[in-house]
Each structure stands twice: as C-alpha cells, then as structure tokens.
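S.K.: Here it is, the structure, as structure tokens.
Derivation of every value follows stated rules applied to the coordinates shown; laboratory data play no part. Since this is a predicted model, take the numbers as computed values, not measurements. Using ideal geometry, Cβ is built from the backbone for each residue, glycine included, and neighbour counts are taken over all protein chains shown.
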Amino acid sequence: GPLEEMSIPLFFGFFLLSSIQDKIRCTSMDFLKTLDTLEPFKTHMTDFTGKPDKEVDLEQYFKATGTLHCTTKYCNYGKAEGAKEYAQKQAVKDLYGSTFELALGALFVTPRTVGARVSLTEEQLLLWPDDAEKEAESSVPAAASLPLGSRAHITLGCAEGVEPVQTGLDLLDILALQQEGQKAELVVEMELGSLTYYGEGRWLLLLREPICALACFSSYYK
Ligand code: 2AM
C-alpha cells in the first residue's frame, strides 16, 4: 500500500561522519588546487574549457553536493528498479545503523565530476546491489564486466548542470579503460600519490595512503 511505499527512501548509503567529511573536503580542495597548477594539466586544459588559452579554476568549476556519502542503492522512494527488493534484503535490515570504515583509495576528476573511489570490504559488499555495475551499461558498455563494487564512490563535486549520478559513471569509465589495459597517456608523481591521465579530461590520483573514513549505513529522505 501507499504507506509501505513511503517507507522506501530516496537512497541507501554509507554516510560519512562530519569530522571526516571536513578532512576529505580539504584533501579534495588541495588536490584540485595542485592539479590546476600542474603543467601536464594545463597542457590538457581544453578538455575542461573547450577552447585554447582559457584558464579554469577547478575549485570554482565544481559545485559542492551536500553531505558526503557513498550511495549503495538509489531507490527513488520505491520507484527505482529493484528498490523494494533491496530495502527488504536481510543484510540491509541487519546492518542498518551500523558504522563502517570506508577505504578511499583514489580521487578522480573529469570535466563533469570530482569524486573519491571507495574500495568496499567483503562485509560492505553484502550491502552492494548485484546489478549496480550492469545498470550503467548503457553509458559505460564495459561496466558489467567490472568487479562488484567498482562503482562505489563519494561524489565530491559536480560541474554546472551535471547530476551526481554521473560521478559513478565517470569512475566506471576510467576503470574500464584501466581494465582494457589502455596505456595511460601520462603519469605524474604528486605528494598525495601518482596521478594518471586517461585522455578526454579524465584524471585519477591513486592515493599513497588510502583515507579511512568512518561512515554510518543509513538512508536519506528529502
Ligand atoms: P551519487 O551517489 O553519485 O552522489 C541522490 O540523488 C543520490 O543518489 C546522489 O548521491 C546520487 O549520486 C545518487 N543517484 C541518483 N540517481 C542515481 C541512479 N540512477 N543510480 C545510482 N545512484 C543515483
């Protein structure tokens, strides 16, 4: 009935505790600031500006997107495919409200989004929908052949007019290129880790020290 449908949230996910949110926002800002000053990035700046000799301020370019979280299942109040089944999963019920340590292994930037890659543990994968990667196939054809959990990420910012759902698609796109063994166009060593360029404005920073972030598995209603 309608009451039952009401109880399904907009989405389920891991919500970062507020102190770690601040830390990650700072790291992300530092990364964007540094990236902006790197010669290799400047060389490929047209990926972002569309025209030569134009500068981009990445800190302004990306807009913040609210409370930091890693979406596990987008439910759209029960209207999204598989939403009800997900909400009724035993692991979802059992682990609802539990705290987890998320491992953030990489930061990535494209002309559309900036995000952090989350490497889920086996226990955390119990909360990951089986079809999360496959669902992205129409945007990223190779997505279904990537390991479960590949799409897990935290959206840190979106360019004007871009919806946050894009962040996971951008991540899958980069991981698909890695899997195909496409040779990275270039690698730059930074203090935070090694930065790889995959063409078309796609940059991935593999963090030397993964960031460990405490997060609560819960849900969001607007
Ligand atoms: P995000 O996980 O990349 O940040 C509310 O819109 C939240 O649900 C956002 O966090 C958003 O993206 C995520 N979201 C929106 N639509 C989605 C979809 N179709 N598939 C997966 N996640 C989605």
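S.K.: Could you pull out every one of the aspartates and glutamates with an alpha carbon less than 12 Å from that of K42, ignoring same-chain neighbours closer than 8 positions?
M.R.: Partners within reach: D53, E55, D57.
S.K.: If you put +1 on each Lys and Arg Cβ and -1 on each Asp and Glu Cβ, how big is the dipole of segment 40-185 around its Cα centre, in Debye rounded to 20?
M.R.: 220
S.K.: Where Rh denotes the Kirkwood radius from the mean inverse Cα pair distance, what is Rg over Rh for segment 59-127?
M.R.: Over the Cα atoms of segment 59-127, Rg/Rh equals 1.02.
S.K.: Report the per residue volume, in Å³, of the convex hull enclosing the C-alpha atoms of segment 10-68.
M.R.: Convex hull volume per residue, Cα atoms: 109 Å³.
S.K.: Could I ask something else about it? If you take all C-alpha pairs in segment 1-128, what percent of them are over 24 Å apart?
M.R.: 45
S.K.: Okay, helix-only estimate at 222 nm for the chain: each DSSP H run of n ≥ 4 adds -39500 (n - 2.57), divide by all residues, round to 500 deg cm²/dmol; what do you get?
M.R.: Here the helix-only value at 222 nm equals -8000 deg cm²/dmol.
S.K.: Taking the Cβ of L192 as the centre, find all other residues whose Cβ is under 12 Å away and add up their charges (Lys, Arg: +1; Asp, Glu: -1).
M.R.: It works out to a net charge of -2.
S.K.: Per residue, how big is the convex hull around the C-alpha atoms of the chain? Give it to me in cubic angstrom, could you?
M.R.: 125
S.K.: For segment 73-172, what relative contact order do you get, as a whole percent, if you take Cα pairs closer than 8 Å and at least 6 residues apart?
M.R.: 25
S.K.: Mind putting a number on the dipole of segment 161-222 about its Cα centre? Charges go on the C-beta only, +1 for Lys and Arg and -1 for Asp and Glu, and I need it in Debye to the nearest 20.
M.R.: 200
S.K.: Sticking with this one: Based on the mean of other beta carbon atoms within 10 Å per residue, what is the order of 88-101, 191-204, 166-179, most packed first?
M.R.: The peptides rank, most packed first, as 166-179, 191-204, 88-101.
S.K.: Still on this structure: Rounded, prolate or oblate: which one fits segment 109-151, using the alpha carbon gyration tensor with axes a ≥ b ≥ c (rounded when a/c is under 1.5, else prolate when a/b beats b/c, else oblate)?
M.R.: oblate
S.K.: Any idea which of L38, T99, F11 is furthest toward the positive side of the dipole for segment 1-128, if Lys and Arg beta-carbons carry +1 and Asp and Glu beta-carbons -1?
M.R.: So the residue we want is F11.
S.K.: Shifting gears a bit: Binning at 5 Å from 0, report for segment 101-222 what percent of all alpha-carbon pair distances ends up in each bin.
M.R.: 2, 11, 19, 24, 23, 14, 5, 1, 0
S.K.: Let me ask something else about it. Rg to Rh for segment 113-183: what is it, with Cα atoms only and Rh by Kirkwood?
M.R.: 0.96
S.K.: Let me ask something additional. Do any of K51/K134; K33/K54; K73/K93 go past 25 Å between their Cα atoms, and which?
M.R.: Long pairs (Cα-Cα over 25 Å): K51/K134.
S.K.: Using Cα pairs closer than 8 Å and at least 6 residues apart in sequence, work out the relative contact order for the chain, in percent.
M.R.: Relative contact order of the chain: 29 percent.
S.K.: Further question: Search the structure for amide H atoms under 5 Å from the amide H of G193, placed 1.01 Å from N in the peptide plane, and list their residues when 5 or more places away or on another chain.
M.R.: Residues meeting the criterion, in which the H sits 1.01 Å from N, are R208.
S.K.: Set the Förster distance to 25 Å, then compute FRET efficiency between Y96 and T34 from the Cβ-Cβ distance, nearest 0.05.
M.R.: So, using R0 = 25 Å, E works out to roughly 0.05.
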